[in-house]
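Visitor: Okay, here's the structure, questions in a sec.
The values are calculated or read from the model by the stated rules, or taken from the named source; none is laboratory data. Not measured: the values here are computed from a predicted model. Heads up, the Cβs are rebuilt from the backbone with ideal geometry, glycines too, and the neighbour counts pull from every protein chain shown.
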Amino acid sequence: MKITFAASEATPFAKTGGLADVVGALPRELIKLGHQVTVFLPFYSRVPRQIESDGGGEPQYAIQSLTIPFRSYNRFAGVVDAGKLDGVQHYFIDCPELFDRKELYGPSGADYTDNAERFGLFCRAVVEASKQLGVPDVFHVHDWQAALIPVYLRTTYLTDPALHSAATVLTIHNAAYQGTFSPKTTEDLLLPWEVFTMNKLEQYDSFNFLKGGIVFSDQLTTVSKKYAEEIQTPEFGEQLDGVLHKRAADLHGILNGVDYELWNPATDGHLAAHYTPENLEGKRACRADLLHAFGLEGVADTTPVIGIVSRFAKQKGFDIMAEIAEEIAERDVAVVAQGTHDPYYENLFREWAFRYPANVAVQIRYDEALAHKIEAGSDMFLMPSRYEPCGLNQIYSLKYGTVPIVRATGGLDDTIEKWDAREGTGTGFKFEGLKSKDLLAEIDRAIEAFRNKTSWTQLMRNGMARDYSWSGPAKEYVRVYEEAARSR
Ligand code: ADP
Ligand code: GLC
């Protein structure tokens, strides 16, 4: 099949979270299965201008200028052809006024005020570019930023013979980010007013990109089975539970995979040493290297190190952790944390580290290499998320023999099995509910388990033996693409 991805992030070009990891990895897996895949991304300023393609060529314009009309003016977008990378054709939508900025979505966790225009243009440009460069069997669009593609295809472009048989699949990576704007966005983006109704893309008097995608796509997926169920409930549906429930028959939970070419302690180029389940020796060197990077060289060998790598957002549950920050720091553990985003959580971590300099350290920044070092050098990995559609870090942790401590929600619940010391089964520690005392009890259980080296090694190896590669999930996506294509 011919599949076109449209998304706002993909490794190695532009990343703020797991969406980038997925859009970076899944297309390559689909290529292995014999499909043709094209990826469209915005040409942000952080996308390198020199990209070497499989054939060694340099990026050049495939289309000099597309005219993208808005209500009272036109914008013009170029399409940069970066060629094939590992067999995947990459195009970038170039509109410097909208994308040549420091951030992807806005400064310090806030949004640029013209995001409707930015991603509205992106969606329309992908449709227009595809007409010239090749219409796929399926457009696979990700999150709200690409969710207007199915809307345009079934409204503005409904009678376009070139696009008639193209099917659409929307993947929801996070239902809380919906892209909501004022009603007049409808006419600014030249959509017909009849889409602005409750059963289409109006949501409490706002124009809602994600809802549009949910209503107009042929098939829907989200990134774990549990989250697929959760988002059909008021607790997790972010007010879209009703419309999602209506489409339950077309909504599939497909767990994300891991790109083990990038996340593997046996080969990871960011580490001080390599290790495998059979020979864990190198993990000690990784731990020492990590403690050095965080200025915590004084931490004793017998003290477990808890790692955190996260977007600091409410979703991630660090307010639950903050209630017991003091108790955690006063236990025999060290904490190394890296994250950025919401200044509230950034300060919370800063203050924590300031109060407990001997065993709590934090880096408020985005740093790919350090994220790998934390995965490898920590003994435990903490994710107390309020909700988690899939979560990738806990799956990386398993591979690195770093034992996850997670809240039982979404993909965290689907991927982490409770450790049973008597049976020697399970891969981590998991708590239910939102009470900080339950989180603390789980951390205590982990600290206690860490003391028994033999069973801890078993626990590490249980996790390392789990296989979350993309080959299974990629086949599930193909089935969804086929289902979508059948409906055209
Ligand atoms: P989410 O997409 O909700 O942020 P995921 O667990 O799916 O959560 O993915 C997060 C991804 O972003 C992981 O690859 C993680 O390593 C990376 N990441 C998050 N914050 C940082 C940071 N400050 N520095 C480096 N990598 C980060
Ligand atoms: C979102 C979710 C995260 C998921 C990622 C990739 O950002 O918050 O749980 O792993 O997308 O699907």
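Visitor: Restricting attention to the stretch 1-18, report how many residues are out of contact with any strand residue (DSSP E or B) (no Cβ under 6 Å at 6 or more places or on another chain) and within 10 Å of ligand 2 (Cβ to nearest atom).
Guide: 3
Visitor: Moving on. Looking at 62, 110, 25, 77, which is the one that is within 16 Å of ligand 1 (Cβ to nearest atom) and in the same structural domain as residue 8 (by TED's automatic domain parsing)?
Guide: Answer to the check: 25.
Visitor: Filter the stretch 300-317 down to the residues that are under 13 Å from residue 406 (Cα atoms) and over 18 Å from the mean Cα position of the chain (by Cα), then identify the one that is surrounded by the fewest Cβ atoms within 10 Å (Cβ to Cβ).
Guide: The selected residue is 306.
Visitor: Here's another thing I want to ask about it. Just one of (1) within 17 Å of the chain's Cα centre (by Cα); (2) surrounded by fewer than 23 Cβ atoms within 10 Å (Cβ to Cβ) trips up residue 384, so point out which.
Guide: For residue 384, the exception is condition (2).
Visitor: Out of 200, 225, 131, report the one residue that is over 23 Å from residue 109 (Cα atoms), out of contact with any helix residue (DSSP H, G or I) (no Cβ under 7 Å at 6 or more places or on another chain) and of a type in the set (Lys, Arg). Give the derivation first.
Guide: Working: 200 fails: out of contact with any helix residue (DSSP H, G or I) (no Cβ under 7 Å at 6 or more places or on another chain); 225 fails: out of contact with any helix residue (DSSP H, G or I) (no Cβ under 7 Å at 6 or more places or on another chain).
That would be 131, the only listed residue that is over 23 Å from residue 109 (Cα atoms), out of contact with any helix residue (DSSP H, G or I) (no Cβ under 7 Å at 6 or more places or on another chain) and of a type in the set (Lys, Arg).
Visitor: Looking at the stretch 1-38, which of its residues are in a helix (DSSP H, G or I), touching a residue at least 60 places away in the same chain (Cβ under 8 Å) and surrounded by fewer than 21 Cβ atoms within 10 Å (Cβ to Cβ)? Explain how you work it out, then say what you get.
Guide: Going through the stretch 1-38, the residues in a helix (DSSP H, G or I) turn out to be 18-32.
In the following step, the residues that additionally are touching a residue at least 60 places away in the same chain (Cβ under 8 Å) were identified as 18-19, 21-30, 32.
Across the stretch 1-38, the qualifying residues are 28, 32.
Visitor: Another question, then. Is there a residue in the stretch 230-243 that is within 16 Å of ligand 1 (Cβ to nearest atom), within 17 Å of residue 176 (Cβ to Cβ) and surrounded by fewer than 21 Cβ atoms within 10 Å (Cβ to Cβ)?
Guide: yes
Visitor: Right, another one. I need a count of the residues in the stretch 39-60 that are at pLDDT 95 or above and part of a loop (DSSP other than H, G, I, E, B).
Guide: The qualifying residues number 5.
Visitor: Say whether the condition of being assigned by TED's automatic domain parsing to the domain that holds residue 341, assigned to a loop (DSSP other than H, G, I, E, B) and either at pLDDT below 95 or more than 14 Å from ligand 2 (Cβ to nearest atom) (or both) is met by at least one residue in the stretch 379-387.
Guide: Going through the stretch 379-387, the residues assigned by TED's automatic domain parsing to the domain that holds residue 341 turn out to be 379-387.
With the extra rule that they be assigned to a loop (DSSP other than H, G, I, E, B), the set shrinks to 379, 384-387.
Filter again for either at pLDDT below 95 or more than 14 Å from ligand 2 (Cβ to nearest atom) (or both), leaving 379.
Checking the stretch 379-387: at least one residue is assigned by TED's automatic domain parsing to the domain that holds residue 341, assigned to a loop (DSSP other than H, G, I, E, B) and either at pLDDT below 95 or more than 14 Å from ligand 2 (Cβ to nearest atom) (or both).
Visitor: Report those helices (runs of 4 or more DSSP H) wholly inside the stretch 304-364 carrying at least 3 residues which are out of contact with any Pro (no Cβ under 8 Å at 6 or more places or on another chain) and within 14 Å of ligand 1 (Cβ to nearest atom). Full working, then the answer.
Guide: On the way: elements: 318-322, 325-329, 343-355.
Result: 343-355.
Visitor: Quick one: in the stretch 387-406, which of the residues that are over 16 Å from the mean Cα position of the chain (by Cα) and among the hydroxyl-bearing types (Ser, Thr, Tyr) is farthest from residue 429 (Cα to Cα)?
Guide: Of all residues in the stretch 387-406, those over 16 Å from the mean Cα position of the chain (by Cα) come to 398-406.
After this cut, where a residue has to be among the hydroxyl-bearing types (Ser, Thr, Tyr) as well, the list is 400, 402.
On the way: 400: 16, 402: 11 Å.
Checking each candidate, the answer is 400.
Visitor: Let me ask something else about it. Being part of a helix (DSSP H, G or I), among the β-branched types (Val, Ile, Thr) and either modelled with pLDDT under 95 or surrounded by 17 or more Cβ atoms within 10 Å (Cβ to Cβ) (or both) narrows it down to one residue among 127, 169; which is it?
Guide: Values: 169 fails: part of a helix (DSSP H, G or I).
That would be 127, the only listed residue that is part of a helix (DSSP H, G or I), among the β-branched types (Val, Ile, Thr) and either modelled with pLDDT under 95 or surrounded by 17 or more Cβ atoms within 10 Å (Cβ to Cβ) (or both).
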